[in-house]
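The values are calculated or read from the model by the stated rules, or taken from the named source; none is laboratory data. Treat the numbers as computed from the prediction; the structure is a model and nothing was measured. Every residue, glycine among them, receives a Cβ derived from its backbone with ideal geometry; neighbour counts consider all protein chains shown. For accessibility, only protein heavy atoms count, side chains too; no ligands or nucleic acids. Shrake-Rupley method; radii C 1.70, N 1.55, O 1.52, S 1.80 Å.
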Amino acid sequence: MISLEQLVRPNIWSLAPYSSARNEYAGREARVFLDANENPYNNPYNRYPDPLQLEVKAAISKVKGVPAENIFLGNGSDEAIDLPYRCFCRPGIDNVVAIEPTYGMYKVCADINDVEYRPVLLDDHFQITADRLLAACDEHTKIIWICSPNNPTGNSLVRSEIVSVVERFGGIVIVDEAYSDFSSQPSLRSELAKFPNLIVLNTMSKAWGCAAIRLGMAFASKEIIALFNKVKYPYNVNLLTQRQALEALSDPFQVDKWVRMLLVERSRMIEAFKLLPNCQMVYPTDANFFLAKMDDAQKTYDYLVDQGIIVRNRSRIQLCQNCLRVTVGTKNENNELIAALRQM
Ligand SMILES: *Cc1c(COP(=O)(O)O)cnc(C)c1O
């Protein structure tokens with residue numbers, strides 16, 4: 001890896017971050033808080049929340065097996081996707097490389113930050129080699145984006161190729177594992193100690209059933225975490241979110257139960273789709289959704305909308321011609337979808 005100082009934008013490297021009232025007394029005992037211009041009434045909403053979310057991080061550390069000092073928490077993964085651009089990429093100069101097709105936010109954030117986005121097309125099995133990703137890089141490439149299991153294709157990428165990218169690339173490699181709870185593949189979190197240029201993303205929005213509270217996580221070296229903490233909004237994760245996250249994290253067994261149910265439903269749905277006369281194939285998936293190739297995806301999509309059932313039409317995306325992306329729902333929801341398709 002190139003040194004972090006060489007990778008980071010000079011203005012960010014030298015940035016003196018905002019120091020909040022809560023930061024300055026941190027670590028000492030206190031009873032009376034007259035430091036932050038808060039209203040003393042309307043407890044607990046009157047107080048600023050913990051800017052570093054230490055309680056939530058301690059709980060996540062236990063569940064995910066990563067030390068708290070290697071965890072960043074953001075307002076959804078969205079924040080953890082945007083921050084690397086702001087920390088590493090000089091607008092109009094630097095670029096990033098990403099697999100294609102993949103999650104749309106990597107490109108949106110690149111465009112917002114005026115950073116060139118270099119997509120590298122997956123092969124027919126939705127796989128990529130380290131060689132092909134590295135061939136798209138030049139001396140201004142700061143980040144390589146990998147999503148595994150990938151959205152919208154659903155499959156996991158070959159782990160040895162991901163590791164090879166991390167080993168051979170001098171910049172930052174970000175592996176988005178939003179769907180890893182649904183996969184039997186081991187997470188790359190276990191490799192963090194080996195690779196100072198690796199960032200792994202997780203979210204509470206999928207398996208944890210908490211999309212509404214907006215809590216995303218980045219796992220990385222403590223130097224990268226410190227950089228993110230310096231650039232983020234001081235109170236980026238609000239009190240309600242921190243509380244709700246703690247509650248969810250207190251019962252990881254519930255998540256295991258949901259995942260088991262959803263995986264059973266996923267197999268059942270895939271078998272049902274394969275029997276539909278207008279379904280050509282269902283791609284292998286490691287996520288809580290699957291990609292189905294239809295005879296006419298637009299027609300099927302419109303028909304389903306008329307029935308009040310919404311799936312995602314991915315037809316216009318490269319390699320996904322005539323594909324619908326279907327999220328696995330409850331047994332009843334899934335039955336409604338299958339029943340509607342059988343009557344089409
Ligand atoms: C759904 C999803 C996320 C989650 O984003 P949040 O902002 O945490 O809700 C992240 N990455 C991928 C690839 C996703 O599909």
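At a glance:
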read-out	value
The range 13-47, subset more than 21 Å from ASN236 (Cβ to Cβ) and among the small types (Gly, Ala, Ser), residue least open to solvent (accessible area, probe 1.4 Å)	ALA30
Spans of helices (runs of 4 or more DSSP H) in the range 220-281 with at least 1 residues closer than 30 Å to MET1 by Cα and open to solvent by less than 20 Å² (accessible area, probe 1.4 Å)	222-231
Residue check, PRO84 crowded, with 23+ Cβ neighbours inside 10 Å, more than 11 Å from the ligand (Cβ to nearest atom) and either farther than 24 Å from ALA130 by Cα or in contact (Cβ under 8 Å) with a residue 12 or more places away in the chain (or both)	yes
Qualifying residue in the range 136-150 (condition: open to solvent by 10 Å² or more (accessible area, probe 1.4 Å) and within 16 Å of the ligand (Cβ to nearest atom))	yes
Residues being under 22 Å from SER164 (Cα atoms), within 21 Å of the chain's Cα centre (by Cα), away from the ligand (no atom under 16 Å from the Cβ) and open to solvent by 40 Å² or more (accessible area, probe 1.4 Å) - total across the range 100-126	2
Condition met for SER190 (within 16 Å of the ligand (Cβ to nearest atom), closer than 29 Å to MET261 by Cα and of a type in the set (Gly, Ala, Ser))	no
Test for SER184: is it at pLDDT below 95 and either of a type outside the set (Val, Ile, Thr) or open to solvent by 20 Å² or more (accessible area, probe 1.4 Å) (or both)	yes
The range 19-65: number of residues that are touching a Phe, Trp or Tyr at 6+ places or on another chain (Cβ under 9 Å), aromatic (Phe, Trp, Tyr) and more than 15 Å from GLN242 (Cβ to Cβ)	2
Output for the range 1-12, where each listed residue is open to solvent by less than 60 Å² (accessible area, probe 1.4 Å) and in contact with a helix residue (DSSP H, G or I) (Cβ under 8 Å, 6 or more places away or on another chain)	LEU4, LEU7, VAL8, ARG9, ILE12
Matching entry among GLN321, GLN307 (being open to solvent by 60 Å² or more (accessible area, probe 1.4 Å) and farther than 30 Å from PRO119 by Cα)	GLN307
Residue within the range 35-46 that is over 24 Å from ASN70 (Cβ atoms) and in contact with a Pro (Cβ under 8 Å, 6 or more places away or on another chain) present	yes
Test: residue in the range 70-78 that is part of a loop (DSSP other than H, G, I, E, B) and more than 15 Å from the ligand (Cβ to nearest atom)	no
Some residue of the range 164-172 being within 15 Å of the ligand (Cβ to nearest atom), under 17 Å from ASN197 (Cβ atoms) and in contact with a Leu (Cβ under 8 Å, 6 or more places away or on another chain)	no
Residue among ARG90, ARG47 that is among the charged types (D, E, K, R), more than 16 Å from the ligand (Cβ to nearest atom) and more than 19 Å from ALA136 (Cβ to Cβ)	ARG47
Qualifying residue in the range 206-215 (condition: away from the ligand (no atom under 16 Å from the Cβ), outside any loop (DSSP other than H, G, I, E, B), without any contact (Cβ under 8 Å) to a residue 40 or more places away in the chain and open to solvent by 50 Å² or more (accessible area, probe 1.4 Å))	no
Lone qualifier among PRO51, PRO40 - being part of a loop (DSSP other than H, G, I, E, B) and touching a Ser or Thr at 6+ places or on another chain (Cβ under 6 Å)	PRO51
Given (1) on the phi < 0 side of the Ramachandran plot; (2) within 25 Å of the chain's Cα centre (by Cα), index of the condition ARG268 fails	(2)
